[in-house]
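Worksheet: the structure to be examined is printed underneath.
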Amino acid sequence: MPAEIIDGAAVAAKVRAEVARDAAALATRGIIPGLTVVLVGDDGASAVYVKAKEKACHEAGMHGETIRMPASTTQAELLAVVDGLNADPKIHGILVQMPLPKQIDPQAIIRRIAPHKDVDGFHPVNVGKVLIGDSDAFAPCTPWGALVLMQAYNVSTAGKECVILGRSNIVGKPMASLMVQPGVDATVTVCHSRTKDLVSHLRRADIVVAAIGKAEFVTGDMLKPGAVVIDVGINRVDDATAKAGYKLYGDVHFPSASEVASLITPVPGGVGRMTIAMLMKNTVRAASMVLA
Ligand code: GUN
């Protein structure tokens, strides 16, 4: 039987409705949750994401603004902008869009953002809090969104073998932190470019989270029948027949994987829809912590 397809747009809409409700409640107490996105340079894909973040904020009744800086921006100039946002009481969340131009060290920027405004969840303080399981942690939006999708579909995770493909700081490592927490209780394996016999790990996985950035890498024959497949990949592949000149593919070969899996996310329309929703959720949480 073909897999059930996870509707990322529907789950994201639900999260966004919750965010709008929470933002309205905060507004009655004089707080408008505020998110500032800093975009350095003119990467086309980043500009699209950043616009979507600003629009989503406004739709949820939040304050959203974007600071655009030229590709020639120095690290000192960007640090000064972060310092200003750290000190601004109207701004509860700060997101510096990655990737940054090569003259800027991303870790220096991430470490400068005040941890209580780090709605991306990239600061070492939040990385540690997520691993410890602190309730006031900001978890990175994409892996958190992937987990919320599983929970929305009542995926049983306790004692299940969860194999994560990819060990990035943005997805793979925080996904492992989240899946191993009490309450989620998965047994986690993180595979990467040096993993031996990756397919043998995949074939015993009850839950696969694919985040390696290789279009259609995971095929149906690599999966255990009935596996839950969460595809985090968003790969642009040139295609002259497409209007945009490219098509988007996940890290999973959907046609074959959906014949073997029990539940699967599509690309687009799966995990990607959740990232901005979780970012807004983190921003509202950051704003509500001001009252605490
Ligand atoms: N670039 C791609 N994804 C992300 C993200 O989640 N946060 C930031 N800051 N930059 C990104």
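The values are calculated or read from the model by the stated rules, or taken from the named source; none is laboratory data. Since the structure is predicted, the reported quantities are computational estimates derived from the model, not experimental observations. Counting neighbours? That spans all protein chains shown, and the Cβs are built from the backbone with ideal geometry, glycine included. Surface areas here come from the heavy atoms of the whole protein model, side chains and all, with no ligands, DNA or RNA. Shrake-Rupley method; radii C 1.70, N 1.55, O 1.52, S 1.80 Å.
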Near pairs, Cβ below 6 angstrom, 6+ apart or cross-chain, from the range 10-24 (under 15 Å from residue 34 (Cβ atoms)) to any residue that is surrounded by 19 or more Cβ atoms within 10 Å (Cβ to Cβ) and of a type outside the set (A, V, I, L, M, F, W, C): 19/281; 23/33
First in the range 264-292 and modelled with pLDDT of 95 or more, second anywhere and small (Gly, Ala, Ser) and not in a helix (DSSP H, G or I), Cβ under 6 Å, 6 or more apart: 264/3; 267/250; 280/60; 283/93; 286/93
Take residue 129 and decide whether it is under 24 Å from residue 99 (Cβ atoms) and either assigned to a helix (DSSP H, G or I) or open to solvent by 30 Å² or more (accessible area, probe 1.4 Å) (or both). no
Residues (of a type in the set (Val, Ile, Thr), within 14 Å of the ligand (Cβ to nearest atom), more than 21 Å from residue 45 (Cβ to Cβ) and not in a helix (DSSP H, G or I)) located in the range 76-120: 113
With the requirement that a residue be of a type outside the set (A, V, I, L, M, F, W, C) and free of Cβ contacts under 8 Å to residues at least 12 places away in the same chain, what does the range 153-192 give you? 154, 156, 183
How about the range 143-174: which of its residues are within 14 Å of the ligand (Cβ to nearest atom) and open to solvent by 30 Å² or more (accessible area, probe 1.4 Å)? 144, 168, 169, 170, 173
Specify the residue that is least open to solvent (accessible area, probe 1.4 Å); the eligible residues are those in the range 224-254 that are free of Cβ contacts under 8 Å to residues at least 12 places away in the same chain and out of contact with any strand residue (DSSP E or B) (no Cβ under 7 Å at 6 or more places or on another chain). 242
Quick check on my filter: what residues within the range 147-191 are in contact with a Pro (Cβ under 7 Å, 6 or more places away or on another chain) and over 22 Å from residue 5 (Cβ atoms)? 170, 174, 178
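Conditions (1) within 16 Å of the ligand (Cβ to nearest atom); (2) among the aromatic types (Phe, Trp, Tyr); (3) on the phi > 0 side of the Ramachandran plot; (4) in a helix (DSSP H, G or I), marked per residue:
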site: 176; (1), (2), (3), (4): no, no, no, yes
site: 193; (1), (2), (3), (4): no, no, no, no
site: 196; (1), (2), (3), (4): no, no, no, no
site: 199; (1), (2), (3), (4): no, no, no, yes
site: 205; (1), (2), (3), (4): no, no, no, no
site: 233; (1), (2), (3), (4): yes, no, no, no
site: 266; (1), (2), (3), (4): no, no, no, no
site: 272; (1), (2), (3), (4): yes, no, no, yes
In the range 185-214, what residues are of a type in the set (Asp, Glu) and surrounded by fewer than 16 Cβ atoms within 10 Å (Cβ to Cβ)? 185, 197
Yes or no: the range 276-284 includes at least one residue that is among the hydroxyl-bearing types (Ser, Thr, Tyr) and crowded, with 23+ Cβ neighbours inside 10 Å. yes
Any pair with Cβ under 8 angstrom, 6 or more apart, that starts in the range 86-113 at a residue that is open to solvent by 80 Å² or more (accessible area, probe 1.4 Å) and ends at one that is within 11 Å of the ligand (Cβ to nearest atom): 99/43; 99/46; 99/106
Search result, residues across the range 235-261 that are assigned to a helix (DSSP H, G or I) and within 22 Å of residue 147 (Cα to Cα): 254, 257, 258, 260
Some residue of the range 32-42 being in contact with a Cys (Cβ under 7 Å, 6 or more places away or on another chain), within 24 Å of residue 277 (Cβ to Cβ) and surrounded by 13 or more Cβ atoms within 10 Å (Cβ to Cβ): yes
Answer residue from the range 30-58, given it is closer than 17 Å to residue 285 by Cα and part of a loop (DSSP other than H, G, I, E, B) and is nearest to the ligand (Cβ to nearest atom) among those: 33
